[in-house]
Amino acid sequence: MVTKAAEPDISARLGGLRLSVPTLMGSGCYGSGEEYASLVDLAQLGGVVLKSVTRLPRLGNDAPRLVPVASGLLNAIGLQNPGIESYLASDVAKFADRPCAVVGSVAGFSVDDYAFVTERLAARDEIDAIELNISCPNVGAEGETFACDPDLAERATRAARAATAKPLIVKLSPNVTDIAAIARVVEAAGADALAVINTVRGMAIDVDRVKPKLANVSGGLSGAAIRPIAVLAVWEVARAVRIPIVGQGGIETARDALEFVLAGATAVSIGTGNFTDPRVPLAVASGIRTYLAERGIATLAEIVGSANPGFRGAR
Amino acid sequence: MVTKAAEPDISARLGGLRLSVPTLMGSGCYGSGEEYASLVDLAQLGGVVLKSVTRLPRLGNDAPRLVPVASGLLNAIGLQNPGIESYLASDVAKFADRPCAVVGSVAGFSVDDYAFVTERLAARDEIDAIELNISCPNVGAEGETFACDPDLAERATRAARAATAKPLIVKLSPNVTDIAAIARVVEAAGADALAVINTVRGMAIDVDRVKPKLANVSGGLSGAAIRPIAVLAVWEVARAVRIPIVGQGGIETARDALEFVLAGATAVSIGTGNFTDPRVPLAVASGIRTYLAERGIATLAEIVGSANPGFRGAR
Amino acid sequence: MPVLETPPLVHETVVSDRREPFSDIVIIGLYAPKIAREARPGQFVMAVTPSGERVATALGIYEAAGDRISLMLVVVGPRTRELALLERGDRLVLAGPLGNGFQLQALGKNVALIAGGVGLASLLLPAQRLLADGARVHLYYGARTAGALVDAELFEAAGAGVSLATDDGSRGHHGYVTELLAREGRTHETIAACGPSPMLRAVGTLARTLGVRAQVSLEETFACGVGACWGCVVPLERSSAQAPAFPPVAPGETRDYVHARICKEGPVFWSDELRW
Amino acid sequence: MPVLETPPLVHETVVSDRREPFSDIVIIGLYAPKIAREARPGQFVMAVTPSGERVATALGIYEAAGDRISLMLVVVGPRTRELALLERGDRLVLAGPLGNGFQLQALGKNVALIAGGVGLASLLLPAQRLLADGARVHLYYGARTAGALVDAELFEAAGAGVSLATDDGSRGHHGYVTELLAREGRTHETIAACGPSPMLRAVGTLARTLGVRAQVSLEETFACGVGACWGCVVPLERSSAQAPAFPPVAPGETRDYVHARICKEGPVFWSDELRW
Ligand SMILES: Cc1cc2nc3c(=O)[nH]c(=O)nc-3n(C[C@H](O)[C@H](O)[C@H](O)COP(=O)(O)OP(=O)(O)OC[C@H]3O[C@@H](n4cnc5c(N)ncnc54)[C@H](O)[C@@H]3O)c2cc1C
Ligand SMILES: Cc1cc2nc3c(=O)[nH]c(=O)nc-3n(C[C@H](O)[C@H](O)[C@H](O)COP(=O)(O)OP(=O)(O)OC[C@H]3O[C@@H](n4cnc5c(N)ncnc54)[C@H](O)[C@@H]3O)c2cc1C
Ligand SMILES: Cc1cc2nc3c(=O)[nH]c(=O)nc-3n(C[C@H](O)[C@H](O)[C@H](O)COP(=O)(O)O)c2cc1C
Ligand SMILES: Cc1cc2nc3c(=O)[nH]c(=O)nc-3n(C[C@H](O)[C@H](O)[C@H](O)COP(=O)(O)O)c2cc1C
Ligand code: FES
Ligand code: FES
C-alpha cells in the first residue's frame, strides 16, 4: 500500500551546492540548457553542467563525431568551445536566468590551464559550482591523462581548489584499473564531490568503407551500454571516499538512477538519456519520488549507499 | 556484381595453430563444445576454447551468477572447474573427437600455477593450443591482477611459455589504461598470439531488494555493449605488436567480426553471441565469405588490419 | 544472408496464433512440429530475441499437440516485452526442447501441482500426461489478482481438480497458494511445482511439513541453456542423483554442496535436495 | 509511471495509418496536430525509439495536413527497423518540429528539386509550398531501382514535373539523378536537394557547373537534435550567414572553416558555403 505522506524530499547536497532535484544534465550533452528549453521545463531539473570550456578556443574534431552503437553512443566532439575569454564575454551572462543550478565545466591540457580557467569561470556569479573535466577521452592522449594518473589528477585538483572556494566536482575516468585509488587522491587534493564516470573509450569501423566511423578514430562510449561499468565505479569509489558522488553513465529511468544511489551516489547526471528521450530527467525525478513514497522513506539522502555495505560517505 | 571465383579462403593462423574457419568459441561460453553439439555442427567452427581450468578444483561463485543487461550480460561464474588433475583424468580424452581445434584455457593465482597447469594440460595430444587467462575479473582481485600489471603479465606468460612449445595465446583485460603496453610485454615474453579482450568489470543492483544482483557483487560485462571497447583495444594492440590477435567482445554478425579483422585481428572469438543465437558462429563464417567474395578478395588474411594505418602485424 | 543449415534442435518456427488473456500475459502459438513431437513434460526452449543483441530467453513449453506448441509469456523485462509483440505470421527461432522434465513416474498416482503465476506454463504438459497415465491430479494455482489466473480451465478440461488463490483476495483463497495445501493436510502423494523462487522455497517447507516429496521446476536467468556456461547453478546436495560430478571437493572448500546447472541437470529438482 | 507534463515541442502522437510502397520503405501517418500546424518545409522531428535504450532518430516531416503528418522511413539499421514495425494505434513520441527548413523565398520562381532515395521525404512540403506560391517546380528523383521510386505521383498531383533515374536502369535515366540535370543544362533558377552525402556533394558540383545556387538538406547522425551536443557538425565557410559565432579562431588553428550544427544552423545549407 502506498503511504500517502508528505512528498519525499529528493534534494541533494554536493558540498556547498544544493540541488532541489538530484539530477544534473551531463556536460556536453545539454549545451547550456537553453537548447533544451523548448523540450523540457528546466525548472524541473537539478541543474545543468555546461559544455566543457578550455583556455583557448577549439574548433573540435572533424565530422563525423557521433556513431550510434548497441545501447549507446560513441562521440568524439573534441571539446569544441569558444575558449574562456569569449565564453565569459558572450555566454556566461545568459546563464543567470536558468531556473536550476548552473555548473561550469573546465577542461585543460596542463595543470596551469585547470587553475586559470577555473579561477576565471568560478569568479562569475552566474556559475554555482565547477566541474573539473580531467577525463575527456576525445582530445588525443592529452586530456584523459589527468584522470588516469594519480599524480596528475591530484595536481589538477589542487590547482583548481586553490583557484576557487565554490563547490568543486572532479570528474573521473573509467579507463583505469583502480578508480578508487584516483578518487582517494582527488578527495585528498580538496575536491568537494566526484562525478563518476565520464565516457569509456571505444571505436567502431565502417566495414563498407574500411575505415573508422569517427573522424577522430576513437571516441567516448556512453549510454545504457556502460551502465554496469558506471554502477561498479560508483560502488568502488563510495567505499573509498567520504565526499559525495554524482553517478552517471547510461541513466534512462528512475530505476537506473536508483542503482547509482543505492551504490553510493548522492545525485545523478543524465547525458545520453536525454538523446533517447528528452523526458528522461522528468521521469527520473518523479520515479525516484514514487519509489521513496511507496517505501515510506522521507528523504533520498537516507538511501544513498544503502545497498553498499562498505559505503563510507556522509549521507 | 558478385565475382563468382573460387570460395574465399577464410582460414587463419595463430602461431602454429591453423584454423580452417577464423572463429573460436570464447572460453567459458561453450563448455567443451559437446554441450552445443545438438544446436550447431561443430565441424563448422574454427575451434573451441575450453572453460578455464585451475590447479585445484573450484566450486565457483554462489548463485546468481548471470544478469542480463542492456545489449549484454554480466557474469560471475568464478572459474568453477574440476581442477587440472581431475580434468586430465576424466575430461580431456573426450576432446579427441572434436571436429575443430581445441584450445585449452589455463587460469591461475600465481605464476607457478600458470606454469604448472599449462605444462600438464599442454602435454596432452587432445589439446591443440593453450590460452592463458590472466584476465578473469570474477575471482576477487586475484585473477585479473596479472593482466592489469605489466610485470605479472610478463612473468605469467614467460612461465607458461617455458612450460610448452604449443601455440600460446594470452588473453588480455580491457580494465587497464593502456592495453597496448601490456600487449608489448606479453609479446616479448613469448606469446604466440593475443586474445583481446576478456570481459569488462561491471555490476547491477536490484533496487527492489536493495542489493547487488550478482552474489559476487561484481562481474564481467560481455556482449554487444562492449563491442566498441573491444574493437578499440584490438586497434591499439595491433599497432603495438607483430603477433596475431584473436578479437572478441560482442560479436554477433559477420559485420561485427569484420570490424575486428579490419582493426587488426587475425581471427575472432564468439562468446555471448552464442547465447543470443546459437547460429551466430555459422552466420559469421558465411558472412565473412560473402564479404570477401563480393569484393573479389581471395583470402581473409589480406584484409587483416586494413582499416588500421598503424597495423604492424604480419598478415 | 545465405540460408544456414538448421541443426537438429534449432527451429525456425512461425507464430500461428496469439492471445492475451490478461494484461502483460501473452500466449503465442507456434507452428513447430519437431518440438511438438519431442517435448517431454517440463522441458523448455530458448527463444532467440527477434531484434538480436539480447541473450535468448528460457520459456517453458506450455502446450504441445499436433504440429503446434505454445509459450506463455509474462512481460517483466525487455525480452519478454519484445516476444510479447510477436503476431501471427512472424518468425521465431527456438532452440529445444532442452533440459530434463519432471520425473512423472516418481510422482506416483495422486499428485498436487502447484503453480505460481507463469509457472503454470511448465505444468500443463505434466498434468495432461499424468492424467492420461491414470493419476489423480489437482492444480493449486496462485497469482497476484483474479485476472492473472489464466487458463485454469485447460487443466479442468484435462480432468484435473483446481483450487485458486490470489494475493489480493480477488478470487479463491486470499493469500499464498501453499497455504491452501497446508490447510488441507496430506491429501496427495507428491507435489510438482513451478513458480518464482520464494514460492518454490515455501513449497519445499510445505512438503517437509506434510511429509511428501516435491519436484520443483526452477526459473532462473539462463545464458546458454545447454549446460555450457555454468551460469545458472543452484546449490544441490552432493548425494543427489542429479549432482554433477564436477567439481570434486577442493582442499579448504567449506561449502558442502555442489553447483548443479538448472538448464542441464534440471530445471526440475527434488526440493529436499536443494540447498537454497 | 505518473503522466508527465508534455512540454511544447514534445508530442505523444498516435499512428493513424501505415503503408509500405516497397520493401524496407515505410510511410507512417501520425495524428500530430501541433506538428502538422507548425511544420515549415524542410524541418524534421526526433522520433523516440519505442523500446528505449537507443538514441532518438531524426526524420524529415514528409506530409503535413490537417491533424496528420507522415514520416517516410527507409530501414537501414536497428532504429528505423523498430520504427518501421509501428502499426495503426501505436504511440510514438516525437520532438519537433526542429531545425530551419528551406529558405523558400531565396529559391525563386523556377526550382529544381533533387531527391536521392528517402531524401524525398524532406522535399514534398517545399514542393507544395513553392507551387502554392506560384513557382514552377520540377522533381528529379533517383533511387537504386524502380520499386524504390515511391510517391512521385504526390509531387505530380501538387503540380510539379517529374524526371526519374535509377542506379540499375530499371526505370527512367540509367545512372545518377544529377546526370539528368547536367544533360538539360541550366533550365532552373535554383536547386533544392536532399539525399545521401555523396549525392549532395555531386549536387554542389553540378550547381557550380550550371552557375546556379543550391540549398541542400543534410542527413547525418544526430544525438540531441536541438544544438546541445555539437555532434552533428559540418564544415562551413566562416562568411556564411548560417555560421555560428562559436568558436572564434584559436591561435594556431589551420582550419579556415567553422563547424555548424546540422540540426540547429541547418539542416539546410547553401551548397557553395559547405566545405566538405
Ligand atoms: C526453465 C525456465 C522456464 C521459464 N519459463 C517461462 C515461461 O514459460 N514464461 C515466462 O514468461 N517466463 C519464463 N521463464 C522466465 C523467463 O526466462 C525470464 O522472466 C526472462 O529472463 C525475462 O526476460 P526479460 O528480458 O523480459 O526480463 P529481464 O531483463 O531478465 O528482467 C526480469 C527481471 O528483472 C527484474 N526487473 C527488471 N526490470 C524491472 C522492472 N521495471 N520492474 C521490476 N522488476 C524488474 C525483475 O526481477 C524481473 O523478474 C522461465 C525461466 C526458466 C529458467
Ligand atoms: C535532418 C534529417 C532528416 C532525416 N530524415 C529521414 C527520413 O525522413 N527518413 C529516413 O528513413 N531517414 C532519415 N534520416 C536518416 C536517419 O535519421 C538515419 O538513417 C538513422 O540514423 C537510421 O538509424 P538506424 O538505427 O536505423 O541506423 P543506424 O544504426 O544509424 O545505421 C544506419 C547506417 O549505418 C550503416 N549500417 C549499419 N548497419 C548496416 C548494415 N547491416 N548494412 C549496411 N550498412 C549498415 C549504414 O551506413 C547505414 O546508413 C534523416 C536524418 C537527418 C539528419
Ligand atoms: C556528445 C557528448 C558530449 C560530451 N561532452 C562532454 C564534455 O564536454 N565534458 C565532459 O565532462 N563530459 C562530456 N561528456 C560525457 C557526459 O557528460 C557523461 O559523463 C557521459 O556521457 C556518461 O553519461 P551518459 O551515459 O548519461 O551520457 C559528453 C558525452 C556525450 C555523449
Ligand atoms: C558466462 C561467461 C563465462 C566466461 N568464462 C570465461 C573463462 O572461464 N575464461 C576466460 O578466459 N574467459 C571467460 N569468459 C570471457 C569470454 O570468453 C569472452 O572473452 C568475453 O565474454 C567477451 O566476448 P563476448 O562478448 O563474445 O562474450 C566468459 C564469459 C562469459 C559470458
Ligand atoms: S545457462 Fe549456461 S549452464 Fe545453464
Ligand atoms: S545533434 Fe546535437 S548538436 Fe546537432
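The values are calculated or read from the model by the stated rules, or taken from the named source; none is laboratory data. Everything numeric in this text was worked out from a predicted model, so none of it was measured. A quick note on method: Cβ atoms are made from the backbone with ideal geometry, for glycine too, and the neighbour counts reach across all protein chains shown.
Anything in region C:236-256 that is over 23 Å from C:ALA192 (Cα atoms) and not hydrophobic (A, V, I, L, M, F, W, C)? List them, or say none.
Within region C:236-256, C:PRO247, C:PRO248, C:PRO251, C:GLY252, C:GLU253, C:THR254, C:ARG255, C:ASP256 qualify.
Between A:GLY305, A:GLY296, which is out of contact with any Leu (no Cβ under 9 Å at 6 or more places or on another chain), in a loop (DSSP other than H, G, I, E, B), at positive phi and modelled with pLDDT of 95 or more?
A:GLY296
Hey, does region A:111-131 have a residue that's modelled with pLDDT of 95 or more, of a type in the set (A, V, I, L, M) and part of a strand (DSSP E or B)?
Yes, the conditions are met somewhere in region A:111-131.
Kindly list, by first and then second residue, each pair from a residue in region B:263-274 that is under 15 Å from B:ALA307 (Cα atoms) to a residue that is modelled with pLDDT under 95, limited to pairs with Cβ atoms under 8 Å and residues at least 6 apart or on different chains.
From region B:263-274, the pairs are B:GLY264/B:GLY313; B:THR266/B:GLY313; B:THR266/B:ARG315.
All but one of (1) away from ligand 5 (no atom under 16 Å from the Cβ); (2) over 17 Å from the mean Cα position of the chain (by Cα); (3) surrounded by 18 or more Cβ atoms within 10 Å (Cβ to Cβ) hold for C:THR49; state the number of the condition that does not hold.
Here C:THR49 clears every test but (1).
Please work out if A:ILE77 is surrounded by 24 or more Cβ atoms within 10 Å (Cβ to Cβ), closer than 30 Å to B:LEU221 by Cα and more than 16 Å from ligand 2 (Cβ to nearest atom).
Yes.
Report yes if A:PRO99 is more than 16 Å from ligand 1 (Cβ to nearest atom) and touching a Ser or Thr at 6+ places or on another chain (Cβ under 8 Å), otherwise no.
no
Can you give me the number of residues within region C:253-264 that are within 22 Å of C:ALA58 (Cβ to Cβ) and within 8 Å of chain B (Cβ to nearest Cβ)?
Residues that pass the stated criteria total 3.
Might you let me know whether region B:156-171 holds any residue that is hydrophobic (A, V, I, L, M, F, W, C), within 16 Å of ligand 4 (Cβ to nearest atom), touching a residue at least 60 places away in the same chain (Cβ under 8 Å) and buried (at least 22 other Cβ atoms within 10 Å of the Cβ)?
Scanning region B:156-171 turns up at least one residue that is hydrophobic (A, V, I, L, M, F, W, C), within 16 Å of ligand 4 (Cβ to nearest atom), touching a residue at least 60 places away in the same chain (Cβ under 8 Å) and buried (at least 22 other Cβ atoms within 10 Å of the Cβ).
Taking the condition of being over 21 Å from D:LEU9 (Cα atoms) and more than 8 Å from ligand 2 (Cβ to nearest atom), how many residues in region D:214-226 meet it?
So the answer is 3.
Can you give me the number of residues within region A:48-66 that are surrounded by 24 or more Cβ atoms within 10 Å (Cβ to Cβ) and either at positive phi or β-branched (Val, Ile, Thr) (or both)?
Final tally of qualifying residues: 4.
Please tell me if D:LEU30 is within 14 Å of chain A (Cβ to nearest Cβ), more than 16 Å from ligand 5 (Cβ to nearest atom) and either crowded, with 24+ Cβ neighbours inside 10 Å or within 17 Å of D:GLY117 (Cα to Cα) (or both).
No, not satisfied.
Please go through region B:245-272 and give me each residue that is within 16 Å of ligand 5 (Cβ to nearest atom) and under 19 Å from B:ALA101 (Cα atoms), ordered by number.
B:ILE270, B:GLY271
Can you report the number of residues in region C:253-270 which are assigned to a loop (DSSP other than H, G, I, E, B) and within 13 Å of ligand 1 (Cβ to nearest atom)?
5
Would you please name the residue that is nearest to D:GLY231 (Cα to Cα), looking only at residues in region D:46-75 that are hydroxyl-bearing (Ser, Thr, Tyr) and away from every other protein chain (no Cβ under 14 Å)?
D:TYR62
Could you give me the residue pairs with C-beta distances under 6 Å whose first residue belongs to region D:136-150 and is over 21 Å from D:ARG19 (Cα atoms), whose second residue is assigned to a strand (DSSP E or B) and not β-branched (Val, Ile, Thr) wherever it lies, and which are 6+ apart or on separate chains?
Once the first residue is over 21 Å from D:ARG19 (Cα atoms) and sits in region D:136-150, its partners that are assigned to a strand (DSSP E or B) and not β-branched (Val, Ile, Thr) give D:ARG136/D:ASN110; D:HIS138/D:ALA112; D:HIS138/D:GLY161; D:LEU139/D:LEU113; D:TYR140/D:SER163.
Answer yes or no: is there a residue in region B:86-94 that is away from chain C (no Cβ under 13 Å) and out of contact with any helix residue (DSSP H, G or I) (no Cβ under 6 Å at 6 or more places or on another chain).
Within region B:86-94, one or more residues are away from chain C (no Cβ under 13 Å) and out of contact with any helix residue (DSSP H, G or I) (no Cβ under 6 Å at 6 or more places or on another chain).
Considering every residue within region B:275-298, establish whether at least one is out of contact with any Pro (no Cβ under 8 Å at 6 or more places or on another chain), of a type in the set (Gly, Ala, Ser), within 7 Å of another protein chain (Cβ to nearest Cβ) and buried (at least 24 other Cβ atoms within 10 Å of the Cβ).
no
Quick one: in region D:227-252, which of the residues that are within 7 Å of chain A (Cβ to nearest Cβ), within 16 Å of ligand 2 (Cβ to nearest atom) and assigned to a loop (DSSP other than H, G, I, E, B) is nearest to D:SER271 (Cα to Cα)?
Only one residue tops the list, namely D:CYS232.
Out of everything in region C:214-241 that is in contact with a Cys (Cβ under 6 Å, 6 or more places away or on another chain) and in contact (Cβ under 8 Å) with a residue 60 or more places away in the chain, what residue ends up being nearest to ligand 3 (Cβ to nearest atom)?
Once the filter is applied, the top-ranked residue is C:ALA223.
From the list D:VAL150, D:VAL93, exactly one residue is hydrophobic (A, V, I, L, M, F, W, C) and out of contact with any helix residue (DSSP H, G or I) (no Cβ under 8 Å at 6 or more places or on another chain). Which is it?
D:VAL93
Among the candidates A:GLY264, A:GLY250, single out the residue that is surrounded by 24 or more Cβ atoms within 10 Å (Cβ to Cβ), on the phi > 0 side of the Ramachandran plot, within 16 Å of ligand 1 (Cβ to nearest atom) and modelled with pLDDT of 95 or more.
On inspection, the qualifying residue turns out to be A:GLY250.
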